[in-house]
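The values are calculated or read from the model by the stated rules, or taken from the named source; none is laboratory data. Only a predicted model underlies this, so the values are computations on that prediction, with no experimental measurement involved. Cβ atoms come from the backbone with ideal geometry, glycine included; neighbour counts cover every protein chain shown.
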Amino acid sequence: MPDPRIVAGALIAFFLAVGVASHAFDELQGRPLGTRIPSSVLLALGSLALIGAVALGIAAAAMLGPWFLAIVVIGALLVVSYGLEIPIVHSDIGFALAWGGFPVLASAAANGAAPLPTIVAAVGATLLSLAQRRLSTPVRRIRRKALEVSGTVRFRDGTTERLDRGALIAGPEAGLRLLWLAMVALSIGALAARWSG
């Protein structure tokens, strides 16, 4: 049975590390989200979020044992490596393993989950993260590198559709929004099943 304190701590730690720190550090590299947040603010925000996540990991290690510190160190290294765009982590498979599989393995280890369902869930999360990466990569490339996007799609019935930056980005971004909502719903469902069982 998952300990609610561990679950809450894991959610907050991964929100700080992945949701805030890695996005803040990634925004420093070419502004893929197009924000105007000053670089110093992004650096401070990312650093404070990562420190908060590590502090929660250290608190968890006090409850779980010193072995958990290895997971905390790996998590912090993944965030920093991703922010620095180190290729092994900033690749499609690196992203999928770091932001999909690793959080599942770390959270499951903290809650004492059985190995087989943990591995299956980690593979599923890795594949979902890989799908997310495949959708986000073309969007990121257009945002970071494209000076102009223009064109037309001509359909068999004679109609045409104009292609521009927004048209190329809209579909993948809609898919990305649905993916994260689906993951939240699946996670809540799995957790509720464990707590009610």
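For the reader, a short list of remarks on this structure follows.
- Looking across Arg194, Arg140, Arg144, one residue alone is in a helix (DSSP H, G or I), under 22 Å from Ser107 (Cα atoms) and touching a residue at least 60 places away in the same chain (Cβ under 8 Å). It is Arg194.
- Residue within the stretch 101-114 that is among the hydroxyl-bearing types (Ser, Thr, Tyr), surrounded by 17 or more Cβ atoms within 10 Å (Cβ to Cβ) and more than 24 Å from Ala182 (Cβ to Cβ) present: no
- Candidates Arg140, Arg177, Arg133, Arg154, filtered to the one that is more than 30 Å from Arg5 (Cβ to Cβ) and touching a Ser or Thr at 6+ places or on another chain (Cβ under 8 Å): Arg154
- Verdict on Gly124 being over 30 Å from Arg5 (Cβ atoms), of a type in the set (Gly, Ala, Ser) and either part of a helix (DSSP H, G or I) or in contact with a Phe, Trp or Tyr (Cβ under 9 Å, 6 or more places away or on another chain) (or both): no
- From Gly175, Gly166, Gly124, Gly189, residue being of a type in the set (Gly, Ala, Ser), more than 26 Å from Pro103 (Cβ to Cβ) and at pLDDT 90 or above: Gly166
- Checking each residue in the stretch 147-166 for being part of a helix (DSSP H, G or I) and either of a type in the set (Val, Ile, Thr) or in contact (Cβ under 8 Å) with a residue 12 or more places away in the chain (or both) picks out only Arg165.
- Residues that are among the small types (Gly, Ala, Ser), more than 26 Å from Ile58 (Cα to Cα) and without any contact (Cβ under 8 Å) to a residue 40 or more places away in the chain within the stretch 110-137 comprise Gly124, Ser129, listed in sequence order.
- Hey, Ala10 over 20 Å from Val89 (Cβ atoms), crowded, with 17+ Cβ neighbours inside 10 Å and within 18 Å of the chain's Cα centre (by Cα) or not: yes
- The number of residues in the stretch 44-79 being buried (at least 16 other Cβ atoms within 10 Å of the Cβ) and either at pLDDT below 95 or not aromatic (Phe, Trp, Tyr) (or both) comes to 19.
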